[in-house]
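Remarks on the structure that follows.
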Number of protein chains: 2
Amino acid sequence: MLQKNSLAWGRSKSCIRELAAYGAKRKAEIGAENVFDFSIGNPSVPAPPEVDASLRALLETEESVTLHGYTPAAGLPSLRTAIAVDLNARLDAPVSAEGIYVCCGAAAGLAACCRGLLCPGEEAIAFAPFFPEYRVFVEGAGGTLVTVPPAEGLQPDFDALEQAITEKTALVIVNTPNNPSGVVLSAASLTRLGEILRAAEERFGHTICLVSDEPYRELVYDGTLPPCVLHFYDDAILCYSFSKSLSLPGERIGYLAVSERMTGRDEVFAALAGAARASGYVNAPSLMQRVIERCLGLTSNLSVYKNNRDLLYTGLTALGFDCVYPDGAFYLFMKCPEPDAKAFSERAKQFELLLVPSDDFGLGGYVRLAYCVPEEMIRRSMAAFGALAASCGL
Amino acid sequence: MLQKNSLAWGRSKSCIRELAAYGAKRKAEIGAENVFDFSIGNPSVPAPPEVDASLRALLETEESVTLHGYTPAAGLPSLRTAIAVDLNARLDAPVSAEGIYVCCGAAAGLAACCRGLLCPGEEAIAFAPFFPEYRVFVEGAGGTLVTVPPAEGLQPDFDALEQAITEKTALVIVNTPNNPSGVVLSAASLTRLGEILRAAEERFGHTICLVSDEPYRELVYDGTLPPCVLHFYDDAILCYSFSKSLSLPGERIGYLAVSERMTGRDEVFAALAGAARASGYVNAPSLMQRVIERCLGLTSNLSVYKNNRDLLYTGLTALGFDCVYPDGAFYLFMKCPEPDAKAFSERAKQFELLLVPSDDFGLGGYVRLAYCVPEEMIRRSMAAFGALAASCGL
């Protein structure tokens with residue numbers, strides 16, 4: 001009979017998707033050029049030319065039955081090795097090919113972590129603001145999402161974290177650079193996080209897995225280098241997607257990288273594989289696995305996003321808005337001049353500005369602006385933001 | 001903490017994969033030409049040329065951010081419409097675009113059916129012999145798989161079905177043409193199945209969903225046309241994959257088609273969408289969605305499989321083996337001349353013949369031969385089968 005959680009998840013649209021749908025309707029009504037749509041985090045720069053060139057080359061050189069054939073569930077051995085070597089070289093990350101599980105994007109990886117490493121009745125902790133789907137994945141596995149409010153600068157509030165950890169805590173999820181805030185977890189924060197989790201493991205006598213969701217790892221500005229979580233805590237898993245760095249969000253390809261130092265690494269890996277299997281995953285798309293192997297280490301032209309960030313942050317700050325300075329990702333998190341983020345998002349609509357209210361990210365009082373948009377739209381939007389500021393008495 | 005079912009599913013290899021792994025090792029030892037590997041159902045004929053041609057054309061004409069961008073979760077609207085129109089035209093199937101959910105292959109679709117339409121503690125019924133992953137998907141959703149043994153000709157035993165249905169029955173899964181037997185469900189069988197399920201719905205006062213797993217729908221021989229399940233029962237869902245018909249098993253693309261006549265069609269659809277969402281599915285691969293839209297209705301050169309079937313069936317029957325005549329798919333189901341299928345499979349290995357024992361398909365005493373292999377391998381294997389037959393006293 002209908003599973004009521006599934007029904008609810010299928011019926012509920014995320015606030016992001018709802019606003020984007022409103023945007024599509026509004027563009028049809030008044031012209032796309034008159035709507036300033038900051039709703040969706042869909043990369044606006046093309047994939048690097050090597051992606052399509054690799055596709056063409058593969059079509060020339062590989063046999064059809066190989067190119068489009070099944071791969072092992074965890075991915076092509078050569079790709080798993082290449083990913084591990086890349087992580088070793090760039091991040092000095094303690095991972096090997098045996099710990100790499102190639103999956104259908106970060107969402108599939110996170111869902112496998114929840115389903116494989118958390119039992120019904122257990123808890124996962126996320127730090128607000130967080131990507132709303134975390135709740136669906138955790139509850140989908142029969143767990144409870146426990147949220148920890150942020151401290152100054154939107155780094156985690158560690159006193160609150162210590163309160164939040166219980167004997168039921170199985171997973172802790174971080175997201176750096178962060179969607180929706182663009183904040184990168186500092187080395188100081190990760191050091192403290194590692195200390196607290198090790199102490200909690202000791203206290204409760206079981207592993208607490210730290211899952212670091214990092215689809216924006218390469219989208220960082222001003223020379224910021226996001227510290228690699230695996231250096232701060234051993235029982236950790238990187239969850240990565242090529243969606244943003246290579247502008248391939250629809251192709252659904254990414255990986256999980258289980259730390260070599262993870263307690264019971266092989267069992268953890270098997271549980272992830274089994275969770276993916278029971279969810280109907282067979283292998284990540286085979287053609288795209290081969291493309292990724294040829295394009296590892298490349299990125300789209302990310303300087304476009306930096307330029308957009310600077311324009312938007314400078315412009316909005318000059319208008320009197322209070323914005324979180326984003327070190328990475330392509331989101332700007334702006335404090336609402338009125339207490340209710342939804343009311344502020346509605347107010348912005350009057351000026352044809354589509355800003356996502358922060359409530360679904362686990363934190364009230366902000367809006368998220370996705371600035372993976374044409375630069376000229378940002379320039380043209382400033383008059384509308386000016387009118388919005390004036391309407392709030394800024 | 002580690003979820004023990006996930007751990008078990010991640011650790012257990014299917015007997016198919018184990019035999020294939022043995023085959024790879026053995027080929028390395030004695031040369032690929034000396035191993036007769038009938039273990040895996042990986043298409044042996046290339047995708048039709050239109051697949052790669054469509055890929056090339058899309059790379060020429062579509063913008064990168066569109067081509068590789070997110071699509072709606074249920075698939076591109078144009079593809080959903082095209083699939084519905086194709087099903088209307090070819091099968092006169094009562095489906096519309098609103099009932100089509102494009103998914104990452106049949107496995108993803110079946111897993112969504114189990115997770116969306118069956119609550120923990122409920123039951124799903126499958127007819128032996130059945131594809132072993134059904135058990136993983138059903139148990140993964142917290143349900144119990146109830147199996148019904150076959151009657152004459154491997155059609156369902158309907159008396160046994162009537163015994164198996166309880167008030168907990170939420171799903172009934174059929175697979176036509178069948179993996180591992182190649183048997184196509186007859187119109188008479190489907191008529192009887194529909195009658196029984198309607199009576200059970202009446203008796204228990206709730207919907208029982210019939211899910212028809214049909215990745216081999218186009219792989220039929222001798223003019224056999226598999227009757228469309230949607231004509232025999234209203235509360236039914238087709239689960240399809242392009243893996244076999246277009247030789248694209250690694251690309252993970254297929255669809256669910258919910259009957260227009262399904263009780264509460266929109267709720268069922270939402271529950272499927274929510275189940276997929278909670279499992280981390282975002283959309284089926286975007287590039288491949290566009291390829292499929294251009295290649296609907298095409299197939300690989302399936303006559304190769306017919307030729308293989310004829311060779312193998314004729315050859316083995318002449319040697320005295322008792323085989324189920326396959327109307328479709330690319331599997332031959334052969335009765336073992338000794339009671340224990342695993343022992344027979346081990347015996348066959350002595351002759352370098354890799355035959356999958358049937359126990360994991362829910363039925364003892366048979367082996368499955370995947371004949372999606374080079375024709376010359378079948379020809380050369382006959383001497384080995386002859387020796388195997390002799391060793392069994394045939």
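Summary of values
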quantity	calculated
Qualifying residue in segment B:347-358 (condition: farther than 29 Å from residue B:303 by Cβ, in contact with a Ser or Thr (Cβ under 7 Å, 6 or more places away or on another chain) and among the basic types (Lys, Arg))	yes
Residue count, segment A:80-122 (criterion: in a loop (DSSP other than H, G, I, E, B) and facing chain B (nearest Cβ under 9 Å))	5
Residues being more than 30 Å from residue A:371 (Cβ to Cβ) and either hydroxyl-bearing (Ser, Thr, Tyr) or touching a strand residue (DSSP E or B) at 6+ places or on another chain (Cβ under 6 Å) (or both) - total across segment A:1-21	2
Matching entry among B:222, B:213 (being at pLDDT below 95, under 28 Å from residue B:356 (Cβ atoms) and of a type outside the set (Val, Ile, Thr))	B:222
Counted residues, segment B:148-162 - those being among the charged types (D, E, K, R) and either closer than 17 Å to residue B:184 by Cα or in a loop (DSSP other than H, G, I, E, B) (or both)	2
Unique residue being among the basic types (Lys, Arg), surrounded by 24 or more Cβ atoms within 10 Å (Cβ to Cβ) and farther than 30 Å from residue B:137 by Cα when the list is A:347, A:368	A:368
Selection from segment B:200-244 of residues that are crowded, with 24+ Cβ neighbours inside 10 Å, touching a Ser or Thr at 6+ places or on another chain (Cβ under 8 Å) and of a type in the set (S, T, N, Q)	B:212
Residue satisfying all of: in segment A:7-19; touching a residue at least 60 places away in the same chain (Cβ under 8 Å) and at the interface with chain B (Cβ under 10 Å from one of its Cβ atoms); nearest to residue A:42 (Cα to Cα) among these	A:14
Matching residues, segment A:353-383, being of a type in the set (A, V, I, L, M, F, W, C) and over 21 Å from the mean Cα position of the chain (by Cα)	A:353, A:377, A:378, A:382, A:383
Condition met for residue B:50 (within 14 Å of another protein chain (Cβ to nearest Cβ) and surrounded by fewer than 15 Cβ atoms within 10 Å (Cβ to Cβ))	yes
Close pairs from segment A:250-273: first away from chain B (no Cβ under 12 Å) and on the phi > 0 side of the Ramachandran plot, partner surrounded by fewer than 23 Cβ atoms within 10 Å (Cβ to Cβ) and charged (D, E, K, R), Cβ under 6 Å, at least 6 apart	none
Single residue of B:252, B:261 found to be surrounded by 22 or more Cβ atoms within 10 Å (Cβ to Cβ) and of a type in the set (Lys, Arg)	B:252
Selection within segment A:163-216 - outside any loop (DSSP other than H, G, I, E, B), within 14 Å of chain B (Cβ to nearest Cβ) and among the β-branched types (Val, Ile, Thr)	A:169, A:172, A:173, A:211
Residue check, residue A:56 within 7 Å of chain B (Cβ to nearest Cβ), at pLDDT 95 or above and more than 17 Å from residue A:132 (Cα to Cα)	yes
Segment A:290-341: number of residues that are β-branched (Val, Ile, Thr), under 26 Å from residue A:50 (Cα atoms) and crowded, with 20+ Cβ neighbours inside 10 Å	2
Given (1) within 13 Å of chain A (Cβ to nearest Cβ); (2) out of contact with any Asp or Glu (no Cβ under 8 Å at 6 or more places or on another chain), index of the condition residue B:293 fails	(1)
Set B:127, B:137: member being surrounded by 24 or more Cβ atoms within 10 Å (Cβ to Cβ), within 9 Å of chain A (Cβ to nearest Cβ) and among the aromatic types (Phe, Trp, Tyr)	B:137
Scope segment B:123-147; condition among the β-branched types (Val, Ile, Thr) and in a helix (DSSP H, G or I); matching residues	B:136, B:138
Some residue of segment A:350-361 being in contact with a strand residue (DSSP E or B) (Cβ under 8 Å, 6 or more places away or on another chain), on the phi > 0 side of the Ramachandran plot and in a loop (DSSP other than H, G, I, E, B)	yes
Count of segment A:20-47 residues which are at the interface with chain B (Cβ under 8 Å from one of its Cβ atoms) and either at positive phi or of a type in the set (S, T, N, Q) (or both)	2
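Each row is one residue, and each column tells you yes or no for (1) touching a strand residue (DSSP E or B) at 6+ places or on another chain (Cβ under 8 Å); (2) farther than 18 Å from residue A:281 by Cα; (3) charged (D, E, K, R).
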site: A:78; (1), (2), (3): no, yes, no
site: A:93; (1), (2), (3): yes, yes, no
site: A:97; (1), (2), (3): no, yes, no
site: A:102; (1), (2), (3): yes, no, no
site: A:119; (1), (2), (3): yes, yes, no
site: A:133; (1), (2), (3): no, yes, yes
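The values are calculated or read from the model by the stated rules, or taken from the named source; none is laboratory data. Here the structure is a predicted model, which means the values were calculated and not measured. Cβ atoms come from the backbone with ideal geometry, glycine included; neighbour counts cover every protein chain shown.
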